[in-house]
1. Let me know the charge dipole size of the stretch 38-154 about its Cα centre in debye, to the nearest 20, where only the beta-carbon of Lys, Arg (+1) and Asp, Glu (-1) is charged.
2. Which value in Å does the Kirkwood hydrodynamic radius of the stretch 103-216 take, with 1/r averaged over all unlike C-alpha pairs and then inverted?
3. In degrees from 0 to 90, rounded to the nearest 10, what is the angle of the helix 8-19 Cα long axis to the longest principal axis of the chain?
4. Exposure proxy check: F120, F225 ranked by fewest other beta carbons within 10 Å?
5. With a 10 Å Cβ neighbour count serving as the proxy for reagent exposure, in which order, fewest first, do M198, M52 appear?
6. Among the lysines, which have Cα under 24 Å from the Cα of K297 when same-chain residues fewer than 8 positions away are ignored?
7. Can you give the calculated 222 nm mean residue ellipticity of the chain, where each DSSP H run of n ≥ 4 adds -39,500 (n - 2.57) and the sum is split over every residue, rounded to the nearest 500 deg cm²/dmol?
8. Among I141, G182, N293, flag the residue with its Cα farthest along the positive direction of the charge dipole of the chain, charges on Cβ as +1 for Lys/Arg and -1 for Asp/Glu.
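Every read-out reported here was derived from the displayed coordinates using simple, explicitly stated rules and does not represent laboratory data. Quantities reported herein were computed from a predicted structural model and do not represent experimental measurements. Neighbour counts run over all protein chains shown; Cβ positions are idealised from the backbone, glycine included.
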Amino acid sequence: MVDRVLSQEEIDDVFRNLRETPADEDPTLRAEPYDFRRPDRIAKDQLRAIHMLHENFARSLASSLSAYLRAYVAVNLVSVEQLSFVEFSQALPSPTCLVSLGMKPYEGNAVLEMNPALVFPIFEMLLGGAAKTLTKINREITEIEQSVLDGLFRITLNDLKTAWHAVTPLEFEIESHETEPGLLRILAPNEAVVAVSMEVRIGENAGMMNIGIPSIVVKMLRNKFDQQWSVRKSQSTEQEQARILHLIRTSRLSLDGRLRGPTLTVGDLMDLKSEDVLALDFSVGRMLDLTINGEHKFAGRIVSAGNKRGFQIEEAVKP
């Protein structure tokens with residue numbers, strides 16, 4: 001080993017080369033800022049599992065609310081993401097209908113929120129109204145209204161419990177009511193929650209329902225999620241197909257064969273006279289579209305089936 005001392009000229013060359021480094025090669029510009037106050041993230045596969053779990057919850061809740069309100073109810077899962085509790089609470093409207101939920105046998109509290117745009121039409125329907133007016137009501141829920149809505153919360157929490165039972169036995173119980181998100185002090189501001197947002201549509205009225213579940217509880221259930229998916233993978237494929245077929249056997253589908261193409265205005269239609277010719281620009285061999293419940297799924301041709309007409313499927317339409 002030979003000790004060598006750099007000259008001042010060599011040192012200047014090193015700093016000169018650093019200054020002349022292109023901006024796109026500067027490693028400091030490729031770094032991403034990190035806020036250490038942000039909550040620890042949970043695994044993406046766990047978020048996907050929670051997404052699937054609440055999709056099942058949305059379907060069951062739509063069926064339960066339709067029977068309870070005697071009206072058609074559609075529930076769509078909008079998003080599942082992890083936020084800090086302060087970000088979750090600041091995104092909620094004020095005033096609103098908030099419920100603090102106990103999560104037995106685990107410690108901690110979840111949050112269930114229903115927007116006034118959803119609560120007041122439901123409240124009107126429960127009292128015998130039709131809820132067809134689109135007038136927005138922006139005020140706090142009274143204690144009498146909260147008691148009337150207890151049945152709605154009971155049905156919602158029962159479906160939520162059933163959905164979570166696929167992972168672990170979890171009991172949701174109402175512990176308190178609140179109308180202002182800023183006054184809800186069940187979690188620390190920087191504590192992480194899994195925020196589940198759903199859109200509930202009843203006729204012409206629509207509103208959001210939000211659920212906040214502490215991430216610490218979700219992390220404790222990591223093994224439960226892994227066990228659930230491993231059990232599903234080990235099930236017989238034929239048994240699973242038979243179970244699904246049994247569930248959907250009584251479902252009704254609307255099939256419609258359509259020849260899509262040029263359109264004609266009513267005025268032109270009324271002006272048609274004898275011996276007029278319409279150019280439809282369709283080849284004889286063109287296939288027709290088959291829609292199922294309004295969705296284009298197959299292409300084929302009209303055929304004869306005895307004394308009736310039928311639709312022969314020739315290809316499936318890729319989504």
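1. Numbers: 11 positive and 12 negative charges, 70 e Å.
The dipole of the stretch 38-154 has a size of about 340 debye.
2. Values: mean 1/r = 0.0644 Å⁻¹.
This gives a value of 15.5 Å.
3. Computed tilt is about 20 degrees.
4. Details: F120 23, F225 20.
Lowest count first: F225, F120.
5. Working: M198 23, M52 15.
Going from sparsest to densest Cβ surroundings: M52, M198.
6. Counting by Cα, and skipping residues close in sequence, K297 has these lysines nearby: K308, K318.
7. Working: 10 runs with 112 residues, N = 319.
Helix contribution divided over all residues of the chain: -10500 deg cm²/dmol.
8. N293
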